[in-house]
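The values are calculated or read from the model by the stated rules, or taken from the named source; none is laboratory data. As the structure is a prediction and not an experimental result, all values here were calculated from the model. Here the Cβ positions follow ideal geometry from the backbone for every residue, glycine too, while neighbour counts run over all protein chains shown. Heavy atoms of the whole protein, side chains included, go into the accessibility calculation; ligands, DNA and RNA do not. Shrake-Rupley method; radii C 1.70, N 1.55, O 1.52, S 1.80 Å.
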Amino acid sequence: MRPMVKSLGGFRAALPIGWGVLGLAGILYARSRGIPGWAALPVLAAFLLEYPFYLVPAFPSVREHVSGMGVPAFAVAAAVLPYLACCSGAVQFSWGGLAKVIAVALAVSLWYAVLPASRVTDVAFLGLFAAVLLGGYFNPIYAPLHPNFKDLKNVIVIPHLSLISMAVMALMLQRHVPETGYGFVPSGREWRIGVLHFVYFVPIGLPLAMLLRATHFATPKPAWYIVATFVGMLCVVSLSEEFLVRGVLQQWIEEWTWSRSGALLITSAIFGLLHLWMQGFPNWKWALVAGVLGWFCGRARNQAGSIRASMVTHALVATTWRAFFA
């Protein structure tokens, strides 16, 4: 009972803290970009509505309350409510857009309720997630009406968050993947392992990236940008990618091949290939660098027994790149 109480208490504490941080960040961003309230407030409201759904998978006792056929209801709500909020001024409402949002929510949340768990359905599920994320599925649905949004990515991150939460719920509650360490706060041991693997990666990954001319030095970003980038990377990008690639796919390949080292190599290669879409397809340079990073992240996960260690490695590398390179 104690873990459940702790999880529920953590969830209740995280709600107002997150809402406060998101609200302040949204207001500051809108002012810095000159975005009027009629366009900014619907997007901010959508983030605030999405936030509780994004939190749920990281708190086991809260997550378990959504088991069974509660998963489709959770997924539809997580997808539809933020969309409707955005449609109050930030994006154009359309019945077709609403239908597409509901369709992807039902496809993800009913996948394992309808189909048997097998290698084919498992790979197809991850393929569906990747296709929606990389294929620009949400781009026309969430096209911003105001031109002062820096680019489309600032708005479509909202449905991407809902996609992450519904995929994690389906995999954890319906597919019953083993506990991966999905959560936002690494332990002291996970921090140490993650930082060490970041240190191990730098003397290999940095020269490789420079040799391939995949990146180059740039004017360092301000401290506030570095901190904000790291938090965002750790809690969103690294969390989702490490869960799906290291926590789920690598574990499955270990079971299929009966080889931990083989699974590490195969998963690292797949992780690299997923970065072919980075800064223009096909970007083989970044795919190679990302594949090397994937190996260090996978090794951190293996050593710690948790994706939170690989999240730290991943987030540190991504933040370093955004802060000091271009």
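Observations, loosely collected:
- Where only C-alpha atoms are counted, convex hull volume of segment 18-77 per residue in Å³: 77
- Against the compact-protein benchmark of 2.2 N^0.38 Å, the Cα-based radius of gyration of segment 195-326 scales to 1.02.
- Cα gyration tensor, segment 214-290 - rounded (a/c under 1.5), prolate or oblate: oblate
- Spatial separation of Cα centroids for segment 18-33 and segment 68-111, in angstrom: 24
- Protein heavy-atom accessible surface, 1.4 Å probe, per residue over the chain: 47 Å².
- Rounded, prolate or oblate (a/c below 1.5 giving rounded, otherwise prolate when a/b exceeds b/c) for segment 1-117 by Cα gyration tensor: oblate
- Over the Cα atoms of the chain, the radius of gyration divided by the Kirkwood radius equals 0.95; this is the Rg/Rh ratio.
- Sorting the segments 47-55, 208-216, 296-304 by their mean number of nearby beta carbons within 10 angstrom, highest to lowest, gives 296-304, 47-55, 208-216.
- Carbon/sulfur fraction of accessible area - the chain, other protein chains in place, 1.4 Å, %: 72
- Segment 115-141 and segment 236-296: distance between their alpha carbon centers, rounded to Å: 16
- Convex hull (Cα only) mean projected area of segment 119-215, reported in nm² to one decimal: 10.1
- Projected label points at residue 80 and residue 120, each 7 Å from Cα along the beta carbon direction, are separated by 3.2 nanometres.
- Of the residues 223, 80, 291, the one whose Cα sits farthest towards the positive end of the charge dipole of the chain is 223 (charges of +1 on Lys and Arg Cβ, -1 on Asp and Glu Cβ, taken about the Cα centre).
- Calculated log₁₀ intensity ratio I(q)/I(0) where the Debye formula runs over C-alpha points of segment 93-138, q = 0.19 Å⁻¹: -0.64
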